[in-house]
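Written below as structure tokens is the structure these notes are about.
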Amino acid sequence: MNSLRSLRSLAANAFHRRGTERVDLCARGLHPRSMPTDGSLRQFLDQQMPEALRLLERMVRLNSFTTNRAGVDQLARLTAESFAPLGFVAESVPSRFPEYAPHLVLTRRGRSPHSLALISHLDTVFPPEEEARNHFQWSVEGDRIYGPGTNDIKGGSVMMWLVLAALRQHAPALFEAVTWKLLWNSSEECFSPDFGEVCRARFDAGTLAALVFESEGRLGAEHLMVVARKGRATWRVTAQGRGAHAGSNHAQGANAIVQLGRVVERIASLTDPARELTVNVGSISGGTVLNRVPHEAVAEGELRAFKSEVFVQAKADLLALAGPGDLRAKTDRFPCEIKAEILSESRPWPRNAATNSLFEIWQRAGTEMNYAINAQERGGLSDGNQIWDVVPTLDGLGPWGDNSHCSERSADGSKLPEYVELSGFAPKAELNVRAIVKLLERARIKS
């Protein structure tokens with residue numbers, strides 16, 4: 001695999017050398033100007049929407065909670081069957097973690113040596129019991145489609161289908177020339193570093209970009225593409241004290257809960273808005289019975305930052321809390337002990353030149369459509385965190401919606417479940433089609 005520098009150069013300069021023969025896509029009549037300007041592309045997408053919505057409904061009605069292996073498997077089969085008429089061949093890639101279903105890879109080989117990766121995921125955060133309890137299911141209400149995964153991310157998977165169908169119809173030579181690599185993570189909602197390895201193994205020197213179909217952001221009339229994401233590290237801090245009878249021998253005890261409470265204040269104080277660093281204490285547990293001075297207490301949480309140097313320093317600051325505590329038993333000054341550990345981490349995806357180059361293509365396509373595009377740096381993770389340093393990566397290609405990860409609905413409307421905007425599919429698909437054509441037409445490959 002070429003270096004990151006060469007891949008970024010490919011995205012910025014739109015060419016790659018492999019041997020001496022030149023394959024010029026523009027010479028094949030695939031210049032962006034060949035895209036229709038008479039409204040036929042949008043008309044085609046509008047005509048595909050009934051079928052797209054039928055596919056989305058079938059996906060949403062399948063529970064694909066991360067640890068529901070059977071449900072995730074069933075969704076993978078449906079997805080593979082839906083893309084098969086477009087010429088895609090399915091590959092099931094076992095997860096490194098046995099509790100998760102296999103990842104899904106669909107490939108359509110092209111004639112040229114260059115490829116594009118389109119990325120989504122299969123799983124959602126909703127257990128079947130929660131869906132049933134909250135009556136959270138497919139429901140079309142005006143311009144909103146409610147249901148588990150409508151916004152995160154089954155709507156994005158359907159967007160991929162729409163985009164590819166439109167490319168086959170309106171840019172058939174280009175569609176045939178490119179190798180398309182579609183990758184679905186089976187366990188994106190949990191820690192799944194092996195999916196990054198699955199992607200990296202399928203990228204090569206001809207992979208121009210990875211396009212992630214998480215939902216777009218929205219600010220007024222602006223559609224926000226994701227160009228950076230915070231990294232995330234999960235942590236555990238344990239206070240170990242000394243147990244004692246709470247009534248007859250209280251002074252002998254070293255209360256681990258009290259000690260942890262002091263440490264938690266220090267952990268929370270690591271949050272620094274000026275550096276866009278957040279440190280969240282997510283859970284605390286400790287003690288066993290009420291008549292015992294607790295000998296152990298545990299806090300767990302996460303930290304997030306955009307910049308790699310801030311991320312690294314925050315981990316170091318948290319780990320530096322380990323050592324003797326400041327709470328001691330009154331009888332003999334026995335000290336509590338603090339243990340700090342990092343449990344998992346996903347590196348930051350910082351703003352970078354390769355992603356900016358992709359964003360500018362989408363922004364130009366939007367300008368031509370009178371479709372306002374802007375950039376967003378997002379605090380949540382995506383699979384883009386695992387691959388941005390291997391190939392140029394852009395996120396937020398999915399439709400817009402809101403209330404991801406929420407299944408509740410209240411009578412007063414203060415709680416609304418996850419939904420996706422129906423009217424946004426066709427315009428966003430048109431943007432993606434036009435931008436992908438621009439991206440591919442910049443590439444002049446020598447093979």
Taking the Cα atoms of the chain, report the difference between the largest and smallest coordinate on each principal axis, in whole Å and largest first. 88, 53, 41
Nearest-ten-degree value, helix 155-170 long axis tilted from longest Cα axis of the chain: 10 degrees
Quick one: if the Förster radius is 60 Å, what FRET efficiency do residue 285 and residue 43 give, using the C-beta to C-beta distance and rounding to 0.05? 0.55
DSSP beta bridges in the chain, what fraction antiparallel, as a percent rounded to 5? 70 percent
Full extension from residue 236 to residue 353: what is 0.36 nm times the residue separation minus their Cα-Cα distance, to one decimal in nm? 38.6 nm
For region 231-346, how big is the tail of P(r) above 26 Å, as a whole percent of Cα pairs? 26 percent
Quick one: 391, 420, fewest Cβ neighbours within 10 Å first, how do they rank? 391, 420
With n ≥ 4 as the cut-off for DSSP H runs, can you work out [θ] at 222 nm for the chain, using -39500 (n - 2.57) per run divided by the number of residues, rounded to the nearest 500? -10000 deg cm²/dmol
In region 341-440, which GluC sites (Glu not before Pro) fall in coil by DSSP and have 15 or fewer other Cβ atoms within 10 Å? 408
Distance between modelled label sites at residue 416 and residue 292, nm, 7 Å Cα→Cβ extension: 4.9 nm
Ranked from fewest to most other Cβ atoms within 10 Å of their own Cβ, 395, 152, 389 fall in the order 389, 152, 395
Scalar couplings 3J(HN,Hα) for region 93-103 by Karplus 6.51 cos²θ - 1.76 cosθ + 1.60 (θ = phi - 60°), nearest whole Hz, x for Gly and Pro, are 10, x, 6, 5, 9, x, 6, 10, 6, x, 6
Semi-axes of region 280-345's equivalent ellipsoid from the Cα gyration tensor, sqrt of 5 times each eigenvalue, largest first, rounded to whole Å? 29, 16, 7
When 281, 293 are ranked with the fewest other C-beta atoms within 10 Å first, the list becomes 281, 293
What aspartates and glutamates could a cross-link reach from residue 415, if we take a straight Cα to Cα line under 13 Å and drop same-chain neighbours fewer than 8 places away? 402
Lysines near residue 339 by alpha-carbon distance under 24 Å, same-chain residues fewer than 8 away left out - which ones? 315, 330
Paramagnetic reach from residue 133 in region 47-64 [backbone N under 12 Å; point 7 Å along Cα→Cβ]: none
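Just so you know, all these numbers are worked out from the coordinates, no wet-lab data involved. Quantities reported herein were computed from a predicted structural model and do not represent experimental measurements. Every residue, glycine among them, receives a Cβ derived from its backbone with ideal geometry; neighbour counts consider all protein chains shown.
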